[in-house]
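The values are calculated or read from the model by the stated rules, or taken from the named source; none is laboratory data. What you see is a predicted model; the values in this text were computed from it and never measured. Backbone-built Cβ (ideal geometry, glycine too); neighbour counts: all protein chains shown. Just so you know, the surface numbers come from the protein's heavy atoms only, side chains and all, with ligands and any DNA or RNA stripped out. Shrake-Rupley method; radii C 1.70, N 1.55, O 1.52, S 1.80 Å.
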Amino acid sequence: MSTFNALFKRELKSYFESPVAYVFLVVFLLLSGFLTFFVSRLYEQGQATLEPFFFWQPWVYLLLVPAASMRMWSDERRSGTLELLLTLPVTMAQSILAKFLAAWAFLVLAIALTCPVVVTIYGLGQPDAGTIVSGYLGCILLAGAYLAVGAVTSAMTRNQVISFVVSLVVCLFLLMAGWPPVTEMLVQWAPNWLVNGVAAFSVMPHFESIQRGVLDLRDFVYYFSVMGVMLFTAHLVLENRKSA
Amino acid sequence: MTQKNSRAGLVFHGFRSFFRMPEGWHAICIYPGQLTPDEKSPRAGATDGVIDSYGGIMLEVKDIKKSFGDIEAVRGISFKVEKGDVLGFLGPNGAGKSTTMRMITGFLIPTAGTASVLGHDILDQPLEAKRQIGYLPENAPVYADMTVTGFLVFVAGMRGYSGKEKTDRVNAAVERCNLGRVRHQTIGTLSKGFRQRVCFAQAVLHDPPVLIMDEPTDGLDPNQKFAVRSMIREMAAGKAIVISTHILEEVEAVCTKAVIIGDGRILACGTPAELKARSPSGRLDEVFRTLTSGQNAA
């Protein structure tokens, strides 16, 4: 356990030991604020709801979560510290989990820093606290799912740019899988089961249902299975590299 | 002490009786044909190829092999290292030195064969084996964005230390490796010599019974080389040490035993004096060239 803690702490601290964390937080908060207040025009809607804020979150994460995860493993591989890490008495599963949870904790911190938006809403009227809490829960789970995708792409390459781009594309797929234009494109030629299968991968229905305040077990199962499958894949990729 | 480390302590205690070995040459090589056992040393004949439990043998490598696709990097290497030994692992670039060390330390999984560290098999008990090893990888990789102390505290945490013991371990490592002056500096801002020492410090932090160093003096200036060699010699008595190098003077300076490998195989082994005696001129570099030049052409 102390091994796990040591690695978790190092990983979390490493965000703040370089300018990465600060750039990330500033860009994330500016972008979220801009989209909420200037694009969705929260003030002019005349409703005390965080819907305009949550609406943009999946798109903001699409850019920023791969940026937060791209260095997770590729940087270790590029700089050779992977050799140091994997020869310390720690199992691969512990390393993967510690790194993932540290990055997730960092993202949760970033999401928590959007609290001024909540304060603003309370200043405007009487919002439904339940949907705010569930909306944030949805954001955290979505960030975790994207992050797990990033963990795999980062384990696959020593190049952070490749990791970023590939994880962005995979996350974009997860985001758009159930989107009507994508489904319609598939309907033309693909069998029904494939269309439904692809649509079932989409994060959007799960994100929206949690955001509406519906805490359905199926949504949690979806998010945690995405994370589980992705982290397991990362484990396979890294183990495979050891015995390659 | 934490639980893990006290367990290592117990293992150590059990071994103590075995450590009272005669002086002379300790590491016993099993190698393909170049030397007959009789040529190696008087003691070697008695133990040749025989694993007499693991009493006294801190590290044993058993016919380890590694292929990367079609390329056979290591084609079956076996050797044993006992307490007090400094084994020099010699060979031209690409001979398989680093690959062998990476397999022993658990960074790579062998294609065939295995190794054991104080009786812990690296494949069956990887964590136990890793706890007994201090490893200085090639080019001394360290987390450049951490401070020296921060990095050593991290490694101490990973080694299972906590509280005051962790602080003490870190302070001892800082002192041992002369890092006091730079301990609060970011590692990325340090010179190569210091970075090497920081990595050396993490390798000896837990006072490991087995120390494996991949080209520990590579890229250092003569003073730094001297310092590293002195450190190795100081620690040698209580440990089994393996260093890889292609600097032959280093072998004569610190090693009690040397293995020359080429093209993934052991070509010769013995004490530096024994190896030197194989050349009419009595020079180690000549022996090295004779043995490995054919390999390079292959």
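As for segment A:222-231, it holds at least one residue that is surrounded by 13 or more Cβ atoms within 10 Å (Cβ to Cβ) and closer than 30 Å to B:Thr114 by Cα.
Regarding B:Val242, is this residue β-branched (Val, Ile, Thr), crowded, with 20+ Cβ neighbours inside 10 Å, within 14 Å of chain A (Cβ to nearest Cβ) and not in a helix (DSSP H, G or I)? Answer is yes for this residue. Exactly one residue out of A:Gly130, A:Gly144, A:Gly123 is under 11 Å from the mean Cα position of the chain (by Cα) and either part of a helix (DSSP H, G or I) or modelled with pLDDT of 95 or more (or both), and it is A:Gly144.
Residues in segment B:117-151 that are of a type in the set (A, V, I, L, M) and outside any loop (DSSP other than H, G, I, E, B) were compared, and the one that is most open to solvent (accessible area, probe 1.4 Å) is B:Leu127. Scanning segment B:197-220 for residues that are under 14 Å from B:Glu138 (Cα atoms) and either of a type in the set (D, E, K, R) or open to solvent by 10 Å² or more (accessible area, probe 1.4 Å) (or both), which turns out modelled with the lowest pLDDT? Restricting to residues being under 14 Å from B:Glu138 (Cα atoms) and either of a type in the set (D, E, K, R) or open to solvent by 10 Å² or more (accessible area, probe 1.4 Å) (or both), the top hit is B:Gly219. For the residues A:Ala244, A:Ala190, A:Ala199, A:Ala143, the requirement of being among the hydrophobic types (A, V, I, L, M, F, W, C) and in contact (Cβ under 8 Å) with a residue 24 or more places away in the chain singles out A:Ala143. I'm checking my understanding of the structure. Among residues of segment A:16-28 that are at pLDDT 90 or above and crowded, with 16+ Cβ neighbours inside 10 Å, which one is farthest from the other protein chains (Cβ to nearest Cβ)? Among those that are at pLDDT 90 or above and crowded, with 16+ Cβ neighbours inside 10 Å, it is A:Phe28.
Scanning segment A:118-162 for residues that are of a type in the set (Gly, Ala, Ser) and closer than 29 Å to A:Gln94 by Cβ gives A:Gly138, A:Ala143, A:Gly144, A:Ala145, A:Ala148, A:Gly150, A:Ala151, A:Ser154, A:Ala155.
Can you find a residue in segment B:63-81 that is modelled with pLDDT of 50 or more, in contact with a Phe, Trp or Tyr (Cβ under 8 Å, 6 or more places away or on another chain), of a type in the set (D, E, K, R) and under 24 Å from A:Thr87 (Cβ atoms)? The answer is no, given that none of the residues of segment B:63-81 is modelled with pLDDT of 50 or more, in contact with a Phe, Trp or Tyr (Cβ under 8 Å, 6 or more places away or on another chain), of a type in the set (D, E, K, R) and under 24 Å from A:Thr87 (Cβ atoms). A:Cys115 meets each of the listed conditions (1) closer than 23 Å to A:Ser209 by Cα; (2) open to solvent by 40 Å² or more (accessible area, probe 1.4 Å); (3) at pLDDT 95 or above apart from (3). I'd like to check which helices (runs of 4 or more DSSP H) are fully inside segment A:41-105 and have at least 3 residues that are over 20 Å from the mean Cα position of the chain (by Cα) and either closer than 24 Å to B:Arg195 by Cα or within 10 Å of chain B (Cβ to nearest Cβ) (or both). Those helices (runs of 4 or more DSSP H) span A:71-79, A:81-86.
Scan segment B:103-137 for residues that are touching a residue at least 60 places away in the same chain (Cβ under 8 Å) and at the interface with chain A (Cβ under 10 Å from one of its Cβ atoms) and the total you get is 9. Look at (1) at the interface with another protein chain (Cβ under 10 Å from one of its Cβ atoms); (2) crowded, with 18+ Cβ neighbours inside 10 Å and you find that B:Phe194 fails only one, number (1).
Applying the criterion of being farther than 30 Å from B:Ile109 by Cβ and either crowded, with 20+ Cβ neighbours inside 10 Å or facing chain A (nearest Cβ under 8 Å) (or both) to the residues of segment B:154-178, the residue that is nearest to the chain's Cα centre (by Cα) is B:Cys177. Screening B:Pro141 with (1) more than 15 Å from the chain's Cα centre (by Cα); (2) under 16 Å from B:Ile243 (Cβ atoms); (3) within 12 Å of chain A (Cβ to nearest Cβ) gives one miss only, at (2).
Determine if segment B:143-157 includes at least one residue that is modelled with pLDDT under 95 and closer than 23 Å to B:Val86 by Cα. No, segment B:143-157 has no match at all. For segment A:174-186, does any single residue satisfy the condition of being surrounded by fewer than 16 Cβ atoms within 10 Å (Cβ to Cβ), at negative phi and among the β-branched types (Val, Ile, Thr)? The answer is no, given that none of the residues of segment A:174-186 is surrounded by fewer than 16 Cβ atoms within 10 Å (Cβ to Cβ), at negative phi and among the β-branched types (Val, Ile, Thr). For segment A:187-207, a residue qualifies if it is closer than 23 Å to A:Gly150 by Cα and buried (at least 16 other Cβ atoms within 10 Å of the Cβ), and the qualifying residues are A:Val198, A:Ala199, A:Ser202, A:Val203, A:Met204, A:His206, A:Phe207.
Of the residues contained in segment B:260-273, one or more are found to be surrounded by 21 or more Cβ atoms within 10 Å (Cβ to Cβ) and assigned to a loop (DSSP other than H, G, I, E, B). Under 28 Å from A:Asn240 (Cα atoms) and in a loop (DSSP other than H, G, I, E, B) - does that describe any residue in segment A:192-202? Yes, that holds for at least one residue.
Return yes or no: is A:Ala68 crowded, with 19+ Cβ neighbours inside 10 Å, out of contact with any strand residue (DSSP E or B) (no Cβ under 7 Å at 6 or more places or on another chain), touching a residue at least 40 places away in the same chain (Cβ under 8 Å) and closer than 30 Å to B:Asp214 by Cβ? No; evaluated as a whole, the condition is false for this residue.
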